[in-house]
Each structure stands twice: as structure tokens, then as C-alpha cells.
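Structure record follows, encoded as C-alpha cells.
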Amino acid sequence: MISTQIPSKSMIKRIDVFYVLSEGIIVSADIQSKSRKDLTHYTRLVLDPVTMKITKASCDCEGYTFRHHCWHLKTLEQMIKEDRELRERIEKARQEMIQIEEDIASWG
């Protein structure tokens with residue numbers, strides 16, 4: 001059985017939430033490698049601002065390079081589901097993005 005538990009938060013070195021109008025809400029993180037403690041992997045999820053579903057995912061680890069999935073992505077997905085503060089940051093970015101899109105739509 002494969003464990004889906006979130007590794008300790010100490011393995012997550014950085015987490016950012018921002019948006020790009022042409023893409024969506026981006027949640028990115030540097031997550032420490034389990035096998036090489038001196039290595040971190042850049043992991044990125046893009047969420048659709050309307051449905052809040054993942055539209056794109058990527059990681060620079062070997063597992064993602066060869067299989068297009070890895071535990072770093074699962075860790076970030078799980079954090080989004082379970083971390084209230086992170087969900088609040090995502091919602092704030094979502095509201096800002098929607099407001100800007102509404103403002104742009106009203107121009108023309």
C-alpha cells in the first residue's frame with residue numbers, strides 16, 4: 001500500500017501563490033527530495049479560477065520527467081486540500097484575478 005500522507009512541512013522549503021491571466025492560479029513550491037536531502041524540486045500546479053480544478057502540473061524531478069507524476073505533485077495537491085492558510089491564499093489570488101478580468105471586460 002502506498003502512503004498518501006503529507007511529508008512534514010519542513011520538506012516544503014517555499015510555497016507561492018500567484019496568478020497569470022492567460023493561465024490561471026499558480027501554486028508553486030520547492031519540495032525537498034526524499035532521496036537526496038540537499039536537493040529541492042520545483043513543483044507547480046495551475047488551477048482554473050472558475051472550477052478550481054488542476055489544469056496543468058509539472059515538477060523538475062526524475063519521476064515526473066519519465067512518468068508525468070510524482071509524490072511532489074501529490075504532496076502539493078494534498079496541501080491545497082488540507083492547509084487552510086494555503087486555501088485562503090489561493091482564494092485571495094482567485095478574487096484578484098477575477099476582479100482584473102472583470103475590469104478588462106468592462107473596458108470594451
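Assorted remarks:
- Counting only alpha carbon atoms, the long axis of helix 84-106 and the longest principal axis of the chain meet at about 30°.
- The convex hull defined by the C-alpha atoms of segment 9-106 has an orientation-averaged projected area of 6.4 nm².
- Degrees between helix 71-82 axis and first principal axis of the chain (Cα, 0 to 90, nearest 10): 50
- Trypsin sites (Lys or Arg not before Pro) lying in DSSP loop within segment 13-84, provided at most 14 other Cβ fall within 10 Å: Lys34, Arg36, Lys37, Lys53
- Within-13-Å neighbourhood charge of Val46 [Cβ basis; K, R +1; D, E -1]: 0
- Scattering profile of segment 66-108 at q = 0.16, 0.17, 0.23, 0.30 Å⁻¹ [log10 I(q)/I(0), Debye over alpha-carbon scatterers]: -0.60, -0.63, -0.77, -0.95
- Neighbourhood net charge (13 Å Cβ-Cβ; Lys/Arg +1, Asp/Glu -1) for Gly63: +2
No lab work stands behind these numbers, since they all come straight from the coordinates. Nothing here was measured: the structure is a model prediction, and the numbers come from that model. Positions of Cβ are generated from backbone atoms using ideal geometry, with glycine treated the same way; all protein chains shown enter the neighbour counts.
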